[in-house]
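In what follows, a single structure is set out as structure tokens and then discussed.
The values are calculated or read from the model by the stated rules, or taken from the named source; none is laboratory data. Worth saying up front: this structure is predicted, and the values here are computed from it rather than measured. All Cβ positions, glycine included, derive from the backbone under ideal geometry; neighbour counts span all protein chains shown.
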Amino acid sequence: MHTTVSSADKTLTIGSDQPFCIIGERINPTGRKTFQEQLRAGDLSAVEKDVADQIAGGAMMLDVNMGAPLVDEAALLAEAVRLIQRLTDVPLCIDSSIVEALEAGLAAYEGKALVNSVTAEDERMEMILPLVKQYGAAVIALPNDDKEIPEDPQRRFELTEYIVEKATGTYGIPIEDIVIDPLAMPIGADSQMVVRTLETIHLIADRIGVNMTLGASNVSFGMPDRHTLNSVFLPMAMGAGLTSAIMDARTPSIVTAVKAGDLMLGNDEWGMAWISAHRAREAAQGT
């Protein structure tokens, strides 16, 4: 199954037979005090650097979130979308928990966006999925509801089925435009968290076949040497059926692990992307 998103000039295809889709996570004020202060002052200059660094690192799409305290998030998200589309032609993932901000971002966007995100709560679906349909976007959906973030992979799968049924049947969204986030939780909180996520990915890939993404950095939260943990986790998840991730595109070890995963899974014909990236690194190092 292929999920396509686009900017005004470029189309990106996500699928199990495609190179893993790297979605840059950096344009997000969470945990960035200085960036939050800049956004409150209406200063988007840091966004320009974030865009350049992530594209240089290998990002194929960029997640855009303007959810800082005490800002007009809708106005700021629309402004950021317009700015980023002047800087790059990669597609964007428009990210907000506020419906009005999502609508403002979608209205400002040129192309077919990915919306981040909706849950299995009926009220959230009623607010967000009509917007997704109206703007012809794709959407990330998380299998949790108003009662719980399930630990049991089977329960996550059941909620995924519910979301897919409601999105396609009630709101007329094509199944290929639904991207499931199987819920990556911090392994520091419970050493079985990643095992449950991998099992969820397997279930969804085998029984439904939709594309999947997740916040890869969540896995290592609170642990030392996070880059190593993320570099190990992502190829494991790719092998289970994950087809994209919102991740740190600025960290070479993590991006390289993903590219190695593509090669091992047969999504890098003749290893050309791997060889090209290796030669580029050698040239940059002057060797």
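Summary of values
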| item | result |
| --- | --- |
| Test result for Leu265, out of contact with any strand residue (DSSP E or B) (no Cβ under 6 Å at 6 or more places or on another chain) and in contact (Cβ under 8 Å) with a residue 40 or more places away in the chain | no |
| Among (1) of a type in the set (D, E, K, R); (2) farther than 19 Å from Glu126 by Cα; (3) modelled with pLDDT under 95, the one test that Asp146 misses | (2) |
| Pairs, first without any contact (Cβ under 8 Å) to a residue 40 or more places away in the chain in the range 162-183, second part of a helix (DSSP H, G or I) and surrounded by fewer than 17 Cβ atoms within 10 Å (Cβ to Cβ), C-beta under 8 Å, six or more apart | Thr168/Ile175; Gly172/Lys133; Pro174/Thr168 |
| Test set (1) in contact (Cβ under 8 Å) with a residue 60 or more places away in the chain; (2) touching an Asp or Glu at 6+ places or on another chain (Cβ under 9 Å); (3) over 30 Å from Met223 (Cβ atoms) - Ile140 fails condition number | (3) |
| Where Ala141 falls short, out of the listed (1) touching a helix residue (DSSP H, G or I) at 6+ places or on another chain (Cβ under 6 Å); (2) under 25 Å from Lys33 (Cβ atoms) | (2) |
